[in-house]
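Only one structure is covered here, and it is reproduced in the block below.
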Amino acid sequence: MKIKLSLICAALFCAGLISAQEVSFEEYNPPSTLKVPEHPVKRAKFPFIDIHSHQWRMGQQDLNKLAAEMDQLNMGLMVNLSGGSGKTIVDANENIKANQPNRFVVFANVDFNNVGEKDWEKRAAEQLERDFNAGAKGLKIFKSLGFSVKDISGNRVAVDDPRLDLIWAKCGELGIPVLIHTADPKQFWEPFDANNERWLELKTHPNRKRENDNPVPWETLIQEQHNVFKKHKNTSFIAAHMAWYANDLAHLGELLDEMPNMMVEIGAVIAELGRQPKFANAFLTKYQDRVLFGKDSYQPDEYPTYFRVLETQDEYFPYYKKYHAFWSMYGLGLSDEVLKKIYYKNALRIVPGLDASIFPK
């Protein structure tokens, strides 16, 4: 049979019906031949707040240049989650005040070195308060907590480790939100086979594959996060990437109902929303007070895909990263009031001290 197939292929090649070049699955990405109305959106309908951005040297950055790029997108305000602590917070806020006082804010980060030392949690909470007094508007927790952060004895520091309670409580006391990234997509823990929807991503980015002992099962990490939310009801938490439940909005709704102090942002999961336009529209309409706009990686050319999914009713258009989503997307066609809440109203409500004057009522 193999010999016959080879002879057939050779005959087809000689007849010019097949190419000598083989295309791998990773390379296969044909443009759609579907002809439907298209309404690309280069600029958001309303000024928006990007609650999830990363600028690593804001103290030395040309903020006027960055603000000009933001103007092209109609980004009213950027939240830099990579503010660091101590001097980096001070430097960033001095640069902001001197150049673009109403366009940028920074969130602080916790230094998890030396967890387990005597009075570590007290010192960490005190440093967070100093960062707040220096201008930090919130706290960002990276996914290293739960993954790689270890205490002085070499043990994994769980997201719900009681030695962190003073930090969460301090955020509630100061009235600042915690944007927390815990775990990664659940498919990273699943078998690397033809049934894994993230197969292409894991094939092209093998370092993202996880096992139940690397460091713990996905369910454990997510439960640890939820334990924190439930224990610290006076603190507002923003679960990054829609808490990794953008592909299960019914369950995410149950979680939001169960934990009133939990909010979510849409960074890096827009492709999940775009493949379920009717259900996602219904979800975002119902939970319009609990969802914020976030992008994560600052790539100006990628924002228009977010605008198109949220604002239009376009059909079958591509995501900008095939390995994230090999499917096409559809516009949700959200109402203006829902758009306003996601774009800026919810962020203005939960992040203290933002200038609301540049945003519509």
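How many nm is it between the label spots at Gln60 and Ile152, if each spot is 7 Å from the Cα in line with the beta carbon?
So the label points at Gln60 and Ile152 sit 3.3 nm apart.
For segment 198-233, state which GluC sites (Glu not before Pro) are in a DSSP loop and have at most 16 other beta carbons lying within 10 Å of their beta carbon. Before the final figure, lay out the partial values.
Details: sites: Glu201, Glu211, Glu219, Glu224; in loops: Glu211.
For GluC sites (Glu not before Pro) across segment 198-233 that sit outside H, G, I, E and B with at most 16 neighbouring Cβ atoms in 10 Å, the list reads Glu211.
What order, most packed first, do the peptides 336-346, 244-254 have when packing is the mean number of other Cβ atoms within 10 Å of each residue?
Working: 336-346: 21.4, 244-254: 17.5.
Per-residue mean Cβ counts within 10 Å order the peptides as 336-346, 244-254.
Assign one of three labels to segment 36-162, namely rounded, prolate or oblate, based on the Cα gyration tensor with a ≥ b ≥ c the square roots of its eigenvalues; rounded applies when a/c is under 1.5, prolate when it is not and a/b is larger than b/c, and oblate otherwise. Each step should come with its number before you reach the end.
Working: a/c = 3.23, a/b = 1.73, b/c = 1.87.
Verdict is oblate for segment 36-162.
Between Ala98 and Lys286, what length comes free when the chain is fully extended (0.36 nm per residue of separation minus the Cα-Cα distance, one decimal in nm)?
Details: separation 188, 0.36 × 188 = 67.68 nm, distance 4.06 nm.
Extending this stretch completely gives an extra 63.6 nm.
Put a dot 7 Å past each Cα toward the Cβ at Arg163 and Asp111; how far apart are the dots in nm?
1.6 nm
Would you mind pulling out the separation of the Cα centroids of segment 199-260 and segment 298-361, in Å?
21 Å
Indicate the gyration tensor shape class of segment 47-350 (rounded, prolate or oblate), computed on the Cα atoms with a ≥ b ≥ c the square roots of the eigenvalues: a/c under 1.5 is rounded; otherwise a/b larger than b/c is prolate and the rest oblate.
Oblate, because a/c is 1.5 or more while a/b does not exceed b/c.
For the chain, take the longest principal axis of its alpha carbons; what is the angle in degrees between that and the long axis of helix 249-258, to the nearest 10 within 0 to 90?
10 degrees
If you plug each phi of segment 167-180 into the Karplus form 6.51 cos²θ - 1.76 cosθ + 1.60 with θ = phi - 60°, what whole-Hz ³J(HN,Hα) values come out, in order, with x for Gly and Pro?
In residue order, the calculated couplings are 5, 4, 5, 4, 4, x, 5, 7, x, 10, x, 10, 9, 10 Hz.
Checking the a/c ratio against 1.5 first, then a/b against b/c, what shape does the Cα gyration tensor give for segment 257-303? Mind dumping the intermediate values first?
Values: a/c = 2.74, a/b = 1.39, b/c = 1.97.
Oblate, because a/c is 1.5 or more while a/b does not exceed b/c.
Of the candidates Pro31, Pro304, Pro217, which one comes out as most mobile in a Gaussian network treatment of the chain with C-alpha springs shorter than 10 Å?
Pro31
Can you work out the Karplus-derived ³J(HN,Hα) for every residue in segment 314-326? Use 6.51 cos²θ - 1.76 cosθ + 1.60 with θ = phi - 60°, whole Hz, and x for glycine or proline.
So the Karplus estimates, Gly and Pro as x, are 4, 10, 6, 10, x, 7, 8, 10, 4, 5, 7, 8, 7 Hz.
Quick check on the chain: of the DSSP beta bridges with both residues there, what percent are antiparallel, nearest 5%? Let's see the in-between values first.
Numbers: 3 of 24 bridges.
DSSP beta bridges in the chain are roughly 10 percent antiparallel.
With a point put 7 Å past each Cα toward its Cβ, work out how far Gln313 is from Tyr28 in nm, to one decimal.
Inter-label distance under the simple model: 3.4 nm.
Taking the 0 to 90 degree range and rounding to the nearest ten, how far is the long axis of helix 277-286 tilted relative to the main principal axis of the chain, both from C-alpha atoms?
10 degrees
If you average the sequence gap of Cα pairs under 8 Å that are 6 or more apart and divide by the length of segment 47-350, what percent do you get for the contact order?
Numbers: 553 pairs, mean separation 49.6, N = 304.
It rounds to 16 percent for segment 47-350.
Report, to the nearest 10°, how far helix 120-133 tilts away from the longest principal axis of the Cα atoms in the chain, using its own Cα long axis and a range of 0 to 90°.
So the helix axis and the longest Cα principal axis differ by about 90 degrees.
Read-outs throughout are calculated quantities, based only on the coordinates presented, and are distinct from any laboratory measurement. Bear in mind the structure is a predicted one, so any value in this text is a computation, not a measurement. Because the Cβ atoms are built from the backbone with ideal geometry, glycine has one as well, and the counts that use them run over all protein chains shown.
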